[in-house]
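In what follows, a structure is listed as structure tokens, so that the remarks can point back to it.
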Amino acid sequence: MTIVSERPVEPLVSTRLRAGLAEEIERQERDDNQRGPEAEPFAVAVRPADAVLRVQLDGWFREFGPMVRRVVARSARREDVDLVEDLAQDVWVEAWQYLLRGNDVQRPAGLLAVMARSRVSAHYRSARVRREQAVDFQDYELAVDRLVSWIGAEA
């Protein structure tokens, strides 16, 4: 003989499970807070020379940051105004790598201006950028006009 309970089992189990999970999460958060911040898993030992270079690059950024953005903005196309910050950031990464290689810089403004122009021209040289064109497919007429220009009037 099988007795079937009229009370649904699922909500009761679900409620107990949620309560147990909430308690476990709170316990883990307390433990994490007591331990403090964890070390980065891929932390790289900082050489003393790197600290000096960081200070040097920070000084350059404070002094020449607006100039780098202006050079990138003047070199970029008008339709690519949204790329100015990304390309300027790439210039700073390149400058950091340049310093890490041990290069001595006499005129940082000139170096950064050359790097900025080179980065923009390298961006436009890549075949991927030449092929990609953003299309707002929400604007139906613009999308159709763009497709007609790509395919040709014969289509």
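What to note about this one:
- Note on residue 141: accessible area is roughly 140 Å² with a 1.4 Å probe, heavy atoms of protein only.
- Net lengthening on full extension, residue 144/residue 33 (0.36 nm per residue, minus Cα-Cα): 34.3 nm
- Counting only protein chain heavy atoms and rolling a 1.4 Å probe, the accessible areas of 67, 115 rank, largest first, as 67, 115.
- The calculated FRET efficiency for residue 151 paired with residue 21, based on their beta-carbon distance and R0 = 35 Å, is about 0.05.
The values are calculated or read from the model by the stated rules, or taken from the named source; none is laboratory data. Bear in mind that the values here come from a model prediction, so they are computed numbers and not experimental data. Cβ coordinates were reconstructed from backbone atoms using ideal geometry, including for glycine residues, and neighbour counts include every protein chain displayed. Just the protein is used for accessible areas: all its heavy atoms, side chains included, with ligands, DNA and RNA removed. Shrake-Rupley method; radii C 1.70, N 1.55, O 1.52, S 1.80 Å.
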